[in-house]
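The values are calculated or read from the model by the stated rules, or taken from the named source; none is laboratory data. Nothing here was measured: the structure is a model prediction, and the numbers come from that model. So basically every Cβ, Gly included, is an ideal-geometry build from the backbone, and we count neighbours across all protein chains shown. Surface areas here come from the heavy atoms of the whole protein model, side chains and all, with no ligands, DNA or RNA. Shrake-Rupley method; radii C 1.70, N 1.55, O 1.52, S 1.80 Å.
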Amino acid sequence: MLLKNCRWITFACLLFTATIFAEVSITEVQPLKFPSALMHFDKNTIVEVNWKGNIANSTNTTLLDSDYYQGRYLVTSDTSSLISLDVISLSNESFVDLKRIRIRYKNKTYNSFPVSGLANPGIKGEFIEVGAKLVAKKKTAQGVKYPQYLLTIQEQ
């Protein structure tokens, strides 16, 4: 028994990858993935994987594996137009929220969305890294969870 009054829970994350217009494309290199963790009975369980692919200090539970990593996406464009970037949590799992979503693009970290006026990634493309804080409320049932978010990029 690892912790008294804890349940097993596994976290996973899915992403809807979409191409917005013919000029911009997003290719998923690796989805944001959270590790399996013990869930608290008496308080919210927090697991945060930052955009660097590390476990952040806000994590408050025992991790059961080291199978986690940041989301990574290749963005390309065949024009030179500025782009806008948006990400939203879809809130598809009861009592499970994605918070503190961070995106790293062209050596700058963004935490408030949407963001507009960003430099175009060009034909060779640029990578976007995504990290987030997963909060499972104490009412959450044990088991595998699939919190989802939507990442969109548009040319302006």
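Tally time: how many residues in the stretch 83-107 are under 11 Å from the mean Cα position of the chain (by Cα), closer than 21 Å to Gly143 by Cβ and open to solvent by 80 Å² or more (accessible area, probe 1.4 Å)?
Going through the stretch 83-107 one residue at a time, the tally reaches 1.
Please work out which one of (1) open to solvent by less than 70 Å² (accessible area, probe 1.4 Å); (2) farther than 25 Å from Pro35 by Cβ is the condition Ser58 fails and give its number.
(2)
Residues to consider are Leu32, Leu64, Leu74; find the one that is within 22 Å of Glu129 (Cα to Cα) and surrounded by fewer than 20 Cβ atoms within 10 Å (Cβ to Cβ).
Working: Leu32 fails: surrounded by fewer than 20 Cβ atoms within 10 Å (Cβ to Cβ); Leu64 fails: within 22 Å of Glu129 (Cα to Cα).
Of the residues listed, the single one that is within 22 Å of Glu129 (Cα to Cα) and surrounded by fewer than 20 Cβ atoms within 10 Å (Cβ to Cβ) is Leu74.
I'd like the full set of residues that are more than 18 Å from Leu74 (Cα to Cα), open to solvent by less than 40 Å² (accessible area, probe 1.4 Å) and over 16 Å from the mean Cα position of the chain (by Cα), limited to the stretch 108-140.
Matches in the stretch 108-140: Thr140 only.
Would you kindly identify the strands (runs of 3 or more DSSP E) lying entirely within the stretch 108-156 that contain at least 1 residues that are charged (D, E, K, R) and more than 22 Å from Asn54 (Cβ to Cβ)? Reasoning before the result, please.
Numbers: elements: 108-110, 115-118, 126-136, 143-145, 148-155.
Those strands (runs of 3 or more DSSP E) span 148-155.
When you check Glu129 against the structure, is it in contact (Cβ under 8 Å) with a residue 40 or more places away in the chain and over 20 Å from Glu28 (Cβ atoms), yes or no?
Details: in contact (Cβ under 8 Å) with a residue 40 or more places away in the chain: yes; over 20 Å from Glu28 (Cβ atoms): no.
When the stated conditions are applied, Glu129 does not pass them.
When you check Tyr69 against the structure, is it surrounded by 13 or more Cβ atoms within 10 Å (Cβ to Cβ) and in contact with a Lys or Arg (Cβ under 8 Å, 6 or more places away or on another chain), yes or no? Steps first, answer last, please.
Numbers: surrounded by 13 or more Cβ atoms within 10 Å (Cβ to Cβ): yes; in contact with a Lys or Arg (Cβ under 8 Å, 6 or more places away or on another chain): yes.
Yes, satisfied.
Go through (1) in contact (Cβ under 8 Å) with a residue 40 or more places away in the chain; (2) aliphatic (A, V, I, L, M); (3) within 26 Å of Gln154 (Cβ to Cβ) one by one and return the number of the condition Leu118 breaks.
(1)
Scanning the stretch 37-55 for residues that are open to solvent by less than 20 Å² (accessible area, probe 1.4 Å) and over 20 Å from Ile103 (Cα atoms), which turns out farthest from the chain's Cα centre (by Cα)? Quick ask: steps written out before the conclusion?
At the first step, the residues of the stretch 37-55 found to be open to solvent by less than 20 Å² (accessible area, probe 1.4 Å) are 37-40, 45, 47-49, 53.
Going one step further and asking which of them are over 20 Å from Ile103 (Cα atoms), we end up with 37-40, 45.
Details: Ala37: 17, Leu38: 20, Met39: 20, His40: 22, Thr45: 17 Å.
Residue satisfying both the conditions and the ranking: His40.
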